[in-house]
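Let me begin by presenting the structure, written as structure tokens, before commenting on it.
The values are calculated or read from the model by the stated rules, or taken from the named source; none is laboratory data. Just so it is clear, the model here is predicted, and its values are computed rather than measured. Positions of Cβ are backbone-derived with ideal geometry, glycine not excepted, and every protein chain shown enters the neighbour counts.
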Amino acid sequence: MPVEALDLPERTFDCVVSLAVIEHVRDTRGYLRTIERLLAPGGCAVLMTGDWATWQGRRMGPQWHLYHSDGHLHFFSARSLETALGAAGLRVRDRMWVGPNPISSRLPKALGRALHCQTTTLMVPALFGRRPLGDHVYVWVERAAPCPPAHAVGISDHTIVP
């Protein structure tokens, strides 16, 4: 059952975690709007998905392993994910990439895996996580600040935008 169909109380969740889910969801807009609706004031969400625009995705092109994973309906770059999040009323607070990178992919397999694994990157983000090198991007988001009413900023329904 899609999370959008669940009868969950609005604005009550301090944290929503969605790891490797959004790429499998048919209605990504509805899914992200649901996350925004569920977040309590001051709450945050953590999402993780593949990022096709990273070093590994660009290097592998059509052979990138995430293009061949079962059930992936959507592919994101960090930029397209952030655009979708913004459209759903969510603002990105932080981002981090995990996975193979130009350094770890040249090392012996066991050492390379240890350096680019998600645990290592999340524990020591300065190592590789701040640059779009790894296959997956984690984003930490919060509800965007509500817009002030139109009259509070001097906008009326007669405003003409050039």
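Annotations for the structure displayed:
- Counting the residues of the range 48-58 that are touching an Asp or Glu at 6+ places or on another chain (Cβ under 7 Å) and in a helix (DSSP H, G or I) gives 2.
Results for (1) within 30 Å of residue 144 (Cα to Cα); (2) touching a Lys or Arg at 6+ places or on another chain (Cβ under 8 Å), shown as yes or no for each residue.
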{"site": "51", "(1), (2)": "yes, no"}
{"site": "58", "(1), (2)": "no, no"}
{"site": "62", "(1), (2)": "no, no"}
{"site": "67", "(1), (2)": "no, no"}
{"site": "70", "(1), (2)": "no, no"}
{"site": "73", "(1), (2)": "yes, yes"}
{"site": "76", "(1), (2)": "yes, no"}
{"site": "80", "(1), (2)": "yes, no"}
{"site": "87", "(1), (2)": "yes, yes"}
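- Criterion violated by residue 89 - all others in (1) within 22 Å of residue 9 (Cα to Cα); (2) over 17 Å from the mean Cα position of the chain (by Cα) satisfied: (2)
- For the range 1-36, residues that are assigned to a loop (DSSP other than H, G, I, E, B) and either in contact with an Asp or Glu (Cβ under 6 Å, 6 or more places away or on another chain) or aliphatic (A, V, I, L, M) (or both) total 6.
- Matching helices (runs of 4 or more DSSP H) fully within the range 59-162 where at least 2 residues are at pLDDT 80 or above: 78-87
- Test: residue in the range 39-50 that is under 16 Å from residue 135 (Cβ atoms), surrounded by 11 or more Cβ atoms within 10 Å (Cβ to Cβ) and not hydrophobic (A, V, I, L, M, F, W, C): yes
Residues are listed down the side, and each one gets a yes or a no for (1) under 18 Å from the mean Cα position of the chain (by Cα); (2) at pLDDT below 95; (3) not charged (D, E, K, R):
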{"position": "3", "(1), (2), (3)": "yes, yes, yes"}
{"position": "6", "(1), (2), (3)": "no, yes, yes"}
{"position": "9", "(1), (2), (3)": "no, yes, yes"}
{"position": "12", "(1), (2), (3)": "no, yes, yes"}
{"position": "18", "(1), (2), (3)": "yes, no, yes"}
{"position": "22", "(1), (2), (3)": "yes, no, yes"}
{"position": "28", "(1), (2), (3)": "yes, no, yes"}
{"position": "35", "(1), (2), (3)": "yes, no, yes"}
{"position": "40", "(1), (2), (3)": "no, yes, yes"}
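- Residue 94 acidic (Asp, Glu), under 29 Å from residue 111 (Cα atoms) and crowded, with 16+ Cβ neighbours inside 10 Å: no
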